[in-house]
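The values are calculated or read from the model by the stated rules, or taken from the named source; none is laboratory data. Quantities reported herein were computed from a predicted structural model and do not represent experimental measurements. Virtual Cβ from ideal backbone geometry, glycine too; neighbours counted across all protein chains shown.
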Amino acid sequence: MRPLVATEQLRHSISSGQFPPGQKLNETDLAATLGISRNTLRESFATLTSQGILTYIPNRGVFISSPTLSQMRDIYISRAHLEPAALLWGDHLDAAALDTIVSTAEAALAAGDFHAVADANQLFHRQVVDASGSDISNEFMSRILALMRLAFLGISEHMPDFHAEFVAQNRHVADLVAANDRPRAADTLRSYLLQTRERLASFLTEDPVYGA
């Protein structure tokens, strides 16, 4: 397996919630699980560390990052620019796909499956950015979604239904897109993102904790 493929596979595992923030990664076990050499895994570690998804601590090892409040606030500022722009000007905006994703989230919420709600929420925002038709934007979104999932995993330990309120917000945006009201959809999404940014102060700190 090439390093780029291994990196994407590991990042996908992180963004899907398979690793908790602060967890130490065992190089031997993870290489065996992914079916790659330890040298290839180390290249992936270096890439994901440069992206902030992993953290290297000298004499201790490589850990899944535990995002800080300032990091998440910065991410939300970036998203508040990127995602509304994709809604407003994207040439590949797919209203039907957004509607399907929100319907999946609504069904998961009704069933009390908050992990599935979180998955659908990430997919919704990934679909929004995909409207841009930009590989660079999609790559950037993959990176920040992995970091966001790590932050939200920590929050969900204390508030399992944290993502529940996003379902109605996403429905509102999807309905505006379906009505071909892109300006309102973009403004609404930007408002939601900035509101969430301010709420994070109640859940995150500047002092990440890493395992032994």
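Restricting to segment 157-173, and then to whatever is buried (at least 17 other Cβ atoms within 10 Å of the Cβ) and modelled with pLDDT of 85 or more, can you tell me which residue is nearest to Ala185 (Cα to Cα)?
Within segment 157-173, the match that is nearest to Ala185 (Cα to Cα) is Val173.
Can you tell me which residue among Asp119, Asp29 is modelled with pLDDT under 95, closer than 30 Å to Ala164 by Cβ, out of contact with any helix residue (DSSP H, G or I) (no Cβ under 7 Å at 6 or more places or on another chain) and assigned to a helix (DSSP H, G or I)?
It is Asp119.
Within the bounds of segment 102-114, is there any residue that is touching a residue at least 60 places away in the same chain (Cβ under 8 Å), out of contact with any strand residue (DSSP E or B) (no Cβ under 7 Å at 6 or more places or on another chain) and surrounded by fewer than 18 Cβ atoms within 10 Å (Cβ to Cβ)?
So far as segment 102-114 goes, yes, one or more of its residues are touching a residue at least 60 places away in the same chain (Cβ under 8 Å), out of contact with any strand residue (DSSP E or B) (no Cβ under 7 Å at 6 or more places or on another chain) and surrounded by fewer than 18 Cβ atoms within 10 Å (Cβ to Cβ).
Consider only pairs whose beta carbons are under 6 Å apart and that are at least six residues apart or on different chains; among these, list those whose first residue lies in segment 7-31 and is of a type in the set (Val, Ile, Thr) and whose second residue is assigned to a helix (DSSP H, G or I).
From segment 7-31, the pairs are Thr7/Ser44; Thr7/Thr47; Ile14/Ala146.
Residue check: is Gly154 surrounded by fewer than 16 Cβ atoms within 10 Å (Cβ to Cβ) and of a type in the set (Gly, Ala, Ser)?
Answer is no for this residue.
Could we say that Ile14 is modelled with pLDDT under 90 and not in a helix (DSSP H, G or I) here?
no
What number of residues within segment 32-47 are charged (D, E, K, R) and without any contact (Cβ under 8 Å) to a residue 40 or more places away in the chain?
Result for segment 32-47: 2.
For segment 129-211, which fully contained helices (runs of 4 or more DSSP H) count at least 1 residues that are without any contact (Cβ under 8 Å) to a residue 12 or more places away in the chain and of a type in the set (Ser, Thr, Tyr)?
Those helices (runs of 4 or more DSSP H) span 182-199.
Could you figure out which of (1) part of a helix (DSSP H, G or I); (2) in contact (Cβ under 8 Å) with a residue 12 or more places away in the chain; (3) among the hydrophobic types (A, V, I, L, M, F, W, C) isn't true of Leu93?
Of everything listed in (1) part of a helix (DSSP H, G or I); (2) in contact (Cβ under 8 Å) with a residue 12 or more places away in the chain; (3) among the hydrophobic types (A, V, I, L, M, F, W, C), Leu93 misses just condition (1).
Could you list all residues from segment 53-90 that are in contact (Cβ under 8 Å) with a residue 60 or more places away in the chain and outside any helix (DSSP H, G or I)?
Within segment 53-90, Ile53, Thr55, Ile57, Arg60, Phe63, Ile64, Ser65, Ser66, Pro67, Thr68 qualify.
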